[in-house]
Amino acid sequence: MAKLQSQLETTEQMLSCTNDILMRTSLENRIVLIKQQMETASNHTIDEARLDVWFSGKGVSGSQGISTAFMKDTMQALEGMIKSVAREKVRKQKEVDKKAAMPRGQFYVTALTHGSFGYELAYKDEQGALFDAPAIVESIRETMSIIETVTKANFDMEELIKNQPIRLVANLKDLFATLKKQDSTLRMESGSCALSLDSSNISQGYDNICLSDSIEKLGK
């Protein structure tokens, strides 16, 4: 889906830059085709352990590139959050099923996203194949929900600390600190789940977690 979105945005940009009638007709037809492909893909979405992320601000160069340092910092924070959620899910599952375990695999960067700029993460097995990992799929979407919740004006930091692993809270703090420092927005998609945070949302999230007195409980 991220690749189709990138193709759509590139084609629309090309359309806006030409007055040639034949070229415009060709590009308009291409846009219609891409949108049809996107609709077909959305109607046949398979739950995959995959996450598309887009940023803006000083950490990216339009739709041309992304700072390696910014990419590393955001990726480590996101991956850390997702794995923390997954480990907690597995811990609870073990209370019922002693054989429950974390899926044996790791996150890979499988594509770069364009429009603004970002990356696609996919959780793959030890042979590098994308596989069915419900715990990771659910954890990605729960992580997205937590990120969005932090940006609410009525967010309760004490409640987050009480109900979530400390590692998750630490990575969440790191993510918002990085986004705020680089004046970045954040857009995320995983299957049918999506979120979009503008600069005011990022500022609110930063204030809620990074400036909270409760952050001292993390050892600051």
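Can you find a residue that is farther than 25 Å from Val60 by Cβ and outside any strand (DSSP E or B) anywhere in the stretch 186-195? Yes, because at least one residue in the stretch 186-195 is farther than 25 Å from Val60 by Cβ and outside any strand (DSSP E or B).
Looking only at residues in the stretch 166-198 that are among the hydroxyl-bearing types (Ser, Thr, Tyr) and modelled with pLDDT of 95 or more, the one that is surrounded by the fewest Cβ atoms within 10 Å (Cβ to Cβ) is Ser196. Of the set (1) hydroxyl-bearing (Ser, Thr, Tyr); (2) exposed (fewer than 14 other Cβ atoms within 10 Å of the Cβ); (3) over 28 Å from Asp183 (Cβ atoms), all apply to Ser26 but (2).
The values are calculated or read from the model by the stated rules, or taken from the named source; none is laboratory data. Model, not experiment: these values are computed from the prediction. Glycine gets a Cβ as well: all are built from the backbone with ideal geometry, and neighbour counts include every protein chain shown.
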